Every structure is written in structure tokens, then in C-alpha cells.
Amino acid sequence: MALYSEKVMDHFRNPRNVGVIEDADGVGEVGNAKCGDIMKMYLKIEDGVIADVKFETFGCGSAIASSSMATELIKGKPVSEAMNLTNKAVAEALDGLPDYKMHCSVLAEEAIRSALEDYYHRNPDKKPADQPA
């Protein structure tokens with residue numbers, strides 16, 4: 001049995017949405033000191049929808065694949081839906097990750113949340129009432 005699924009390998013070899021959004025509405029950066037992975041997410045939000053999302057990741061293949069898949073899962077979706085994305089959903093969309101690589105999907109979730117929190121910090125009037133301060 002292969003260590004990584006075909007989807008993990010595809011998103012590692014052909015990552016989607018790589019790059020920088022210069023005039024991003026929200027930027028989030030997270031890292032894991034234990035493994036050295038660093039993810040940075042950029043969001044462009046229009047009318048409450050993620051119109052564009054890009055990422056830069058320094059890390060292993062699982063980190064790159066998780067970043068790529070996470071961007072695919074939130075692009076074109078309402079901000080409220082993106083805020084609810086879980087690492088489990090990222091891992092499932094990749095047809096699984098080895099247990100010792102699950103932290104990569106956690107980083108992808110955290111990077112998206114960090115970028116959304118930055119967006120709300122820049123645009124406090126857009127923050128839903130049910131979101132914590």
C-alpha cells in the first residue's frame with residue numbers, strides 16, 4: 001500500500017493556487033516549530049465570498065498538498081463556510097493522510113482561520129455577530 005494517496009501526490013506535484021495576492025483582504029501565517037512547516041494564506045473577498053485564495057508553503061509534501069486542497073475547498077465559497085473548514089475535511093478530501101502527517105491538515109485549517117481573522121480585524125463591520133472577538 002502506498003504511503004500517500006494519489007490525490008496527495010497530485011496536489012503535491014501540481015499544487016493549485018500557489019502564489020501571493022498583493023492586495024489581499026486577509027493574510028494568515030502559521031507554523032509548526034516541531035516539523036518546521038510554515039503556511040501563508042492570502043484571501044480576496046468580494047460580497048462575503050472568497051473570490052480568490054493563494055498560498056505559500058515551506059514544508060513537506062503533505063503540507064503542500066494540504067495547503068493546495070484547502071484552497072480548493074474554500075475558493076468560491078461564502079466566508080462563513082470557509083471559517084467552518086476543518087482539518088478532517090482537508091484530510092478526507094485528500095483521501096487521507098498518515099497519522100503522523102495530520103498536523104499538516106491542521107496547519108491548513110489554522111492558516112485559513114488566521115487569514116479570516118485578519119480580514120475581520122481589517123473589516124470589523126463585516127464580522128458576524130456570532131463570531132468570537
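Couple of notes before you dig in:
- Flag if residue 12 is under 19 Å from residue 101 (Cα atoms), surrounded by 18 or more Cβ atoms within 10 Å (Cβ to Cβ) and of a type in the set (Phe, Trp, Tyr): yes
- Segment 26-48 - residue that is over 15 Å from the mean Cα position of the chain (by Cα) and either among the polar types (S, T, N, Q) or under 22 Å from residue 77 (Cβ atoms) (or both) and, of those, surrounded by the fewest Cβ atoms within 10 Å (Cβ to Cβ): 47
- Scan of segment 13-69 for residues that are aliphatic (A, V, I, L, M), assigned to a strand (DSSP E or B) and more than 20 Å from residue 124 (Cα to Cα), ordered by number: 18, 30, 38, 39, 53
- Against the list (1) at pLDDT 95 or above; (2) of a type in the set (A, V, I, L, M, F, W, C); (3) surrounded by fewer than 22 Cβ atoms within 10 Å (Cβ to Cβ), the condition residue 64 fails is (3).
- Residue match in segment 44-53 (condition: of a type in the set (Gly, Ala, Ser), in contact with a Ser or Thr (Cβ under 7 Å, 6 or more places away or on another chain), under 20 Å from residue 80 (Cβ atoms) and at pLDDT 95 or above): no
- Pairs where the first residue, in segment 40-67, is farther than 21 Å from residue 104 by Cβ and the second is of a type in the set (Phe, Trp, Tyr), C-beta under 7 Å, 6+ apart: 45/119
- Near pairs, Cβ below 8 angstrom, 6+ apart or cross-chain, from segment 15-30 (under 14 Å from residue 67 (Cβ atoms)) to any residue that is part of a loop (DSSP other than H, G, I, E, B): 17/75
- Residue check, residue 89 assigned to a loop (DSSP other than H, G, I, E, B), among the hydrophobic types (A, V, I, L, M, F, W, C) and farther than 23 Å from residue 123 by Cβ: no
The values are calculated or read from the model by the stated rules, or taken from the named source; none is laboratory data. For clarity, every value in this text was computed on a predicted model and none was experimentally measured. Cβ sites come from the backbone with ideal geometry, for glycine too, and all protein chains shown count toward neighbours.
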